[in-house]
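The values are calculated or read from the model by the stated rules, or taken from the named source; none is laboratory data. Note that the coordinates shown come from a computational prediction; the quantities given were computed from them, not determined experimentally. So basically every Cβ, Gly included, is an ideal-geometry build from the backbone, and we count neighbours across all protein chains shown. Please note that ligands, DNA and RNA were not included when accessible areas were found on the heavy atoms of the full protein model with its side chains. Shrake-Rupley method; radii C 1.70, N 1.55, O 1.52, S 1.80 Å.
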Amino acid sequence: MLTSERFAGGILTRTTTNDWRLILRKLALLAPVFALFFCSLFATAQQGDIAFSGGTLVSSGSCDFVTGLCPEKGGFYPDVNADVIFHKREGFEFDAAWKGSQGAYGGTGGQPYRPLLFSFNGMYQPRLSKKAGIDLLGGIGWQSTRFYLPFCTGTFSCSNFTSSNHFLVDVGGGLRYYVWGHFFVRPEARFYHIVNNTDVFSNSNVVRVGASIGYTIGPD
């Protein structure tokens with residue numbers, strides 16, 4: 001890992017701006033692929049949902065002064081998610097969540113970093129009433145943790161970070177309530193088991209808690 005006082009100056013601000021552009025660019029590249037996938041599924045689906053959420057990560061433990069590793073927790077995590085639901089209220093969901101601002105690895109003055117979490121899940125949406133329901137899901141995905149550098153890497157393009165990637169499994173759920181027409185709010189929680197995450201953080205289990213605002217495409 002690298003630490004530099006230059007991170008406290010203009011370089012940190014510039015990498016933060018560049019990284020938002022990289023995230024949006026990657027999501028823009030993935031969007032047509034997932035749009036085509038979800039459109040093909042939606043052709044036979046009963047409904048589809050798209051939602052935007054915000055939350056934070058929580059996990060147990062504190063920094064280990066021997067290894068220098070800290071728990072993966074804290075910070076604001078935006079999330080984009082979409083699902084398609086078929087007969088018997090079963091379907092599929094995809095979501096992408098990322099740390100909204102760079103953290104300081106190991107504490108104040110540490111190397112800037114940002115985790116990104118992606119997952120593809122099976123979903124079950126039992127209804128409680130006309131306005132309320134439960135969203136239950138579970139599946140697989142991956143975490144990419146980016147560590148930012150004060151210089152570019154790569155032969156053909158400039159990347160100002162290196163990545164540590166890990167496979168994950170997740171389960172979660174939320175309580176959906178329609179506040180107006182097809183618009184809903186959903187308090188939610190997600191548990192991730194990130195395989196071999198202890199090479200970067202002090203634990204492999206994290207929970208993301210937050211809430212979504214979304215819209216349902218389909219019948220009332």
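The figures follow:
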| quantity | calculated |
| --- | --- |
| Tally, over the range 196-210, of residues that are under 21 Å from Gly107 (Cα atoms) and outside any helix (DSSP H, G or I) | 9 |
| Among the residues listed as Ile134, Ile213, the single one being open to solvent by 60 Å² or more (accessible area, probe 1.4 Å), of a type in the set (Val, Ile, Thr) and part of a strand (DSSP E or B) | Ile213 |
| Hits in the range 58-75 (condition: under 22 Å from the mean Cα position of the chain (by Cα) and open to solvent by 70 Å² or more (accessible area, probe 1.4 Å)) | Ser60, Lys73 |
| Residue in the range 96-119 that is touching an Asp or Glu at 6+ places or on another chain (Cβ under 9 Å), open to solvent by 10 Å² or more (accessible area, probe 1.4 Å), in contact (Cβ under 8 Å) with a residue 12 or more places away in the chain and in a strand (DSSP E or B) present | yes |
